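Working notes for the structure below.
The values are calculated or read from the model by the stated rules, or taken from the named source; none is laboratory data. Quantities reported herein were computed from a predicted structural model and do not represent experimental measurements. Here the Cβ positions follow ideal geometry from the backbone for every residue, glycine too, while neighbour counts run over all protein chains shown. Just the protein is used for accessible areas: all its heavy atoms, side chains included, with ligands, DNA and RNA removed. Shrake-Rupley method; radii C 1.70, N 1.55, O 1.52, S 1.80 Å.
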Amino acid sequence: MALTKVYDAATVFKHMNGILNVYKPAGMKVKHVRNAILNNICKGLNEMEQRNPRKFRENRILLGTGTAADHVLHSIGEQTDLSDHLLSTGPRYLPRDLSCATVSSLGDHTSGVLLFGINRGTVQSSSIRKNRPVRVYHLIGHLGSATENHLPDSRVTMRSNHRHVSADRISSLAASMQASHQRKMFELCGVDLQTQEAYELACRGLLRPADDSQLVVYGIKLIHFERPYFTLELYTINETQECLATLVHDMALDLRTVAHCSQLRCVRHAHFDVTDSLLRHAWHLPGIIKNLRQQRNILREHPQLLRQHRVELQISE
């Protein structure tokens with residue numbers, strides 16, 4: 001299908017709907033990313049061709065001032081409504097003219113995939129949020145030092161030896177934690193893991209918590225180890241920055257040492273991958289329009305992101 005260049009701002013604004021996949025830098029708040037995106041969209045729209053000011057109706061009676069300038073003022077006033085001119089109204093498009101909703105937020109220290117719903121895409125963002133798809137994180141832990149909030153920006157509270165920690169020990173602990181979380185999901189359903197009912201429940205689909213407060217880890221594995229740093233890959237739902245950092249800290253305690261989380265990166269949100277995320281230098285109108293079209297294709301290929309049958313966890317009494 002051939003693409004057509006559009007120079008009219010109103011046409012571009014009319015078709016600016018959908019999900020936007022943005023790469024959020026670490027150390028930047030989500031609201032600052034949102035404001036930057038909206039401001040750049042309005043800047044691009046205001047640089048395009050704008051509609052002409054409104055015209056007055058014909059045979060309109062105009063009052064005069066009794067000076068020689070009346071003829072000039074009447075010739076201007078008979079044609080154009082000066083109150084609708086750009087010099088009077090200011091820019092045609094402002095950030096408040098756009099609707100923007102975040103699918104799932106990220107912490108200040110977390111980088112990676114951040115999804116926004118633009119205009120009519122806010123309905124799609126709400127549907128994705130309610131379905132609670134799995135997000136994939138890469139966590140880099142720093143062995144040997146612990147901090148107050150388990151993140152690199154706080155004061156170091158403890159140091160410890162970590163020469164006894166190896167990649168095999170971390171992998172073994174990660175597998176044990178994964179099995180523990182999987183067992184916990186079935187226990188919340190009130191089902192024994194070794195029964196036919198548990199098998200039928202697992203065949204129905206991915207188990208999901210009944211509320212947003214229950215952290216669920218579907219997978220955790222070691223993908224890189226280079227002392228004193230190690231990288232974990234997590235598949236999780238209902239996670240927060242604090243929960244992920246605490247998870248790294250607890251793993252270090254089980255390994256009889258201490259550690260803090262030096263980097264958090266969201267590499268995938270459902271089928272929205274970090275390779276398709278819009279980098280900061282591309283946060284302009286052409287890049288945003290192209291990204292909206294790419295994410296629209298992903299939603300078309302995976303309609304279950306908007307409408308799917310969920311298996312929800314019910315806490316047993």
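Filtering the range 141-159 to residues that are in contact with a Lys or Arg (Cβ under 8 Å, 6 or more places away or on another chain) and on the phi < 0 side of the Ramachandran plot leaves Leu143, Ser145, Ala146, Thr147, Glu148. Restricting attention to the range 266-297, the residues that are in contact with a helix residue (DSSP H, G or I) (Cβ under 9 Å, 6 or more places away or on another chain), open to solvent by 30 Å² or more (accessible area, probe 1.4 Å) and of a type outside the set (D, E, K, R) add up to 7. If you go through the range 192-221 and pick out every residue that is surrounded by fewer than 18 Cβ atoms within 10 Å (Cβ to Cβ) and either at positive phi or free of Cβ contacts under 8 Å to residues at least 60 places away in the same chain (or both), you end up with 17. I need the strands (runs of 3 or more DSSP E) fully contained in the range 149-260, keeping only those with at least 1 residues that are closer than 22 Å to Asn131 by Cβ. Qualifying strands (runs of 3 or more DSSP E): 216-226, 229-237. Beta carbons closer than 7 Å, at least 6 apart along the sequence or on distinct chains, pair a first residue in the range 132-158 that is over 17 Å from Leu222 (Cα atoms) with a second that is part of a strand (DSSP E or B) and among the basic types (Lys, Arg) for Arg132/Arg208; Gly144/Arg159; Ser145/Arg159.
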